[in-house]
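The structure appears right after this line, and notes come after that.
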Amino acid sequence: MKIKVFCISVIMAVTSICGVSSQNGSKKISLADFVNGAFRQETSAGEMRPLPDGEHYTAKRGGMIVKYSYRTGLAVDTLFSVKNARECTFDSFDDYVISSTGHHILLLRETERIYRRSSRALVYDYDTRRRMVKALNESGKKVMIPTLSPDGRMCAFVEDNNIRLKKFDYDTEIEVTRDGEKNKIINGATDWVYEEEFSTVNLMAWSPDSEYLCFVRFDESEVPEYSMTIYGNSYYPTEENYKYPKAGEKNSVVTLHSYCVETKDIKAIDVPGVVNGYIPYIQFASEPSQLCVMTLNRQQNVFNLYHANPKSGVCKLILKDENKAYIDSDWMQAIRFSKSGFLYVSEKDGYAHIYQYSPTGTLQKQVTSGNWDVTALLGKDEATGTVYYESAEESPLRRAVYSIDTKGKKTRLTASTGTNSLAFSANYMYFVNSFSSATSPSRISVYETKTGKELRVLQDNEALKAKLADYSFAAKEFTTVTIATGEELNAWILKPANFDASKKYPVVMFQYSGPNSQSVLDRFEMGWEYYLAANGYVCVCVDGRGTGARGEAFRKAIYMRMGYLESRDQAAAATALGKLPYVDAKRIAIWGWSFGGYNTLMSMSVGNGVFKAGIAVAPPTDWRYYDSVYTERYMRTPQENTRGYDETSPLKLARDLQGKLLLIHGTADDNVHFKQSIDYAEALVQAGKQFEMQFYRDRNHSIYGGNTRMHLYTRMSEFLFDNL
C-alpha cells in the first residue's frame, strides 16, 4: 500500500511492508538492550568451508575439524582433533587451512590482529598421514598469510616482511627473500593502504604446477610515515609509526617477481605502466604460463589485465577497461578465470554487468543487461556454462540471486523478497542462502541448486523473534523523497511505537553516504535508532547521490567533489521532512560515523541551519588528510583538483557550521587519524564556534572495548536529549 503525503515542494511516498506489523509487547527498548546485543541476529550457522568434491564442507568444532555432507548435514569424518593428534601441545586453535590433497592441514594459533584485515599467528603443520603436529617455521615466530602450493607439498609464508618456503617432503625451510624490513620493504604481504582500500593482504600466487611462486614487493621507503601516540597505562606514552600515504603523497613502489622452486632464482617481471600505479591483485589462470596481473593507474580510471609468464617474464595485455571517472577495484577481485576464459563485471553500458571473454581477452558476449546493477559475481559452473550472480534487478533496496545459462535463460534462485546472499558448493550442486528483510531476522538454509528444494534450515532466529514479541516498537517504512532538484532519494522512516500523527516530533537522520554504499536496504537491522524511537524520536535514513545499486550515473555523480552533493542531499531531505505534518522542522539532527561523520559536518555547514544538532564520529575533515588510494579514486590528487578539495573540506567550511555539534574520535585511529578532529576543533575555535568533544583513549576507528560502547552511546543519546 502506498500513501502519498503532499508538501509544498516535496512528494514523499511511504510504502509499508506487506504482512508486517509493529510489535505490541509491553517492554520498552533500553540502551543496554542495543549495546549488549539483545537484538543481535545470528547471521551465520557456523562456518561452512566448501571442499573440492562439491559434496562436503568442513567446520571447526571446538578442538576439531569436522567434515560434513551438504545434502544431509551429517558429520562424515573428523579431519583433525587436538585430542588424537600426535605431539599436539595445545587444546585449541583459531583457524585452519587444508591442502588440496588433504595431506596437510595448517593450524593457526594465538592470532594477533595488525590492522583491519591483516594478522599474524603461530602456525603448525598437521600431517594427516602421520597424524603429527609440528611448528611450520623453524624460528617459532608468528607469521603472516601461510599459502599452500597447489600440489600440497609446500607452504609459502611471510615472516618479518620476508617470504619463506616450507617443503613438507624434506622438512626444510628456504629463504626466498632477505631484504624485508619494517617500514621499508614488504615481500608478498601488502602495505597499509592496499590492505585498507583494495581489501587484500596476500599478493603471493602459486603456479598451477607448483613450480613457481610469484609475489609483489613493496618498497615503502619514501612513503611518508605517520606517528600515532599510544597513551597506555604508564606515565610516558609510546609512538606507533607506520607508512600512510595521504592524497597526493608518494605511494609504495610495487614490483612483480617470480621465484623458481627448482633453481631458487628470482626473476623480475616488467609490468607495463605500473610505475606510480597499483598491482592490487595477482592470480594464476588455468595455465602455468598465465599469471593474471591486474593493474590500475594512479588515477584509477584505467584497468589493465596482463598474462605474465613467470619463466620468461614476458607480459601480454589481455584486457583494458577505461572509465571517465574511476574503475571499481572490487570487480577486479571478482574476476572468475577458467579454461574457457574469464568473466568480468564492467560499467561500460552505464550499469554493472557481466561480460564473457575468451582466454586471450576477446569479448564473446555480454552475459547480463538491463537498467539495473549486478551487485556480486558468484561464479560459473564450467560443466554447464551457467553463470550465477546477485543483483538489484528487483529493486535497489533488495537483493536476489539468479542463474543464467548459455542460451541466456535466466532463473531466479531466491524466492524470498528482501536481501539474499548465497554461497555455493564447489560443484554448484548446493547453495546456502542467508535471507533477511527489514522485519524478518536472518533465515539460513541449504538448497539443492537444480531443483530449488530446501534441504534443511540451519538458522531461523526463532529465539530472537520470540524475544522481539515482548517489546513495543514500530516497523520501518520505506519511502522515496523527491528533493528540490528533482532527485528521488530512497529512505526509511522509523516512528515511535505510540506514534500520534497529530503531534510534532523531533527527527534524527541516520546516514553513511559513502561512495557506492547503501544504508537503505530491505534487511534486518535493529540499531540505535530503535532506542531513540522508543524515546519519542522519528528516525530517518536517506541515501543521497553517490550511493549504490542505482546505476553508474547516480553513484558517480559525486566524482571530483566528493561530499558536495551528498551533504546538500541530506540538507534538502531534512527540509522536505520538515514539511511533513508530524515533524518539528526546528528539531532535526543528523549523525554519522566515518564518512557519515564527515557528511554530518558538511551537511551542518551547507544546510543553512536546517539541522539543530549533529554528531560526527571519527570523521575525515579534509580529504587531503586521508589515504591516497581511496581519496584519489574519487577526487584525483589535490594538485589536480584543488577546487574540489576546497569545496568539500569541513576544515575550510568551519565558519559556516550551524547547530550544536558533538565531535567524537578514538585517539589510536589508524584509519581516520585523530589529528583530523583535532585540527577541525581548532578551526571551530578560531571561527568562534562552540562545540562539544569526546575522545576515547587508544581506541581505533571502531571505538570499542570494555565499557566503551555503552559510554559512547550514552554520551550521544544524552547529547540529543539535551539539544533536540
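The values are calculated or read from the model by the stated rules, or taken from the named source; none is laboratory data. Since the model is a prediction, treat every value here as computed from it, not as a measurement. Neighbour counts run over all protein chains shown; Cβ positions are idealised from the backbone, glycine included. What goes into the accessible areas is simple: the full protein's heavy atoms, side chains included, and nothing from ligands, DNA or RNA. Shrake-Rupley method; radii C 1.70, N 1.55, O 1.52, S 1.80 Å.
A few points about this structure:
- Matching entry among ILE266, ILE279 (being more than 18 Å from LEU148 (Cα to Cα), open to solvent by less than 40 Å² (accessible area, probe 1.4 Å) and touching a residue at least 60 places away in the same chain (Cβ under 8 Å)): ILE279
- Among residues of the stretch 583-614 being of a type in the set (Val, Ile, Thr) and under 14 Å from VAL507 (Cα atoms), the one that is nearest to the chain's Cα centre (by Cα) is ILE590.
- Checked against the criterion of being more than 29 Å from the chain's Cα centre (by Cα), open to solvent by 50 Å² or more (accessible area, probe 1.4 Å) and of a type in the set (A, V, I, L, M, F, W, C), the candidates ALA484, ALA474 yield just one match: ALA484.
- Test: residue in the stretch 614-622 that is touching a Pro at 6+ places or on another chain (Cβ under 7 Å) and closer than 20 Å to LEU724 by Cβ: no
- Matching residues, the stretch 559-585, being in contact with a Lys or Arg (Cβ under 6 Å, 6 or more places away or on another chain) and open to solvent by less than 10 Å² (accessible area, probe 1.4 Å): ASP569
- None of TYR537, TYR530 is over 20 Å from LEU397 (Cβ atoms) and open to solvent by less than 40 Å² (accessible area, probe 1.4 Å) except TYR537.
- Residue in the stretch 445-456 that is touching a residue at least 40 places away in the same chain (Cβ under 8 Å), touching an Asp or Glu at 6+ places or on another chain (Cβ under 8 Å) and open to solvent by 40 Å² or more (accessible area, probe 1.4 Å) present: yes
- Residue satisfying all of: in the stretch 431-444; in contact with a strand residue (DSSP E or B) (Cβ under 6 Å, 6 or more places away or on another chain) and open to solvent by less than 40 Å² (accessible area, probe 1.4 Å); nearest to ALA572 (Cα to Cα) among these: SER436
- Residues of the stretch 586-625 classified as out of contact with any helix residue (DSSP H, G or I) (no Cβ under 8 Å at 6 or more places or on another chain) and either open to solvent by 10 Å² or more (accessible area, probe 1.4 Å) or not hydrophobic (A, V, I, L, M, F, W, C) (or both), total: 9
- Subset of the stretch 113-157 (residues that are among the small types (Gly, Ala, Ser) and either without any contact (Cβ under 8 Å) to a residue 24 or more places away in the chain or over 24 Å from SER81 (Cβ atoms) (or both)): SER118, SER119, ALA135, SER139, GLY140, SER149, ALA156
- Qualifying residue in the stretch 84-103 (condition: of a type in the set (Ser, Thr, Tyr), under 30 Å from ARG699 (Cβ atoms) and exposed (fewer than 13 other Cβ atoms within 10 Å of the Cβ)): yes
- Note on the stretch 61-83: residues that are over 30 Å from ASP209 (Cβ atoms), outside any loop (DSSP other than H, G, I, E, B), touching a strand residue (DSSP E or B) at 6+ places or on another chain (Cβ under 7 Å) and open to solvent by 40 Å² or more (accessible area, probe 1.4 Å) total 4.
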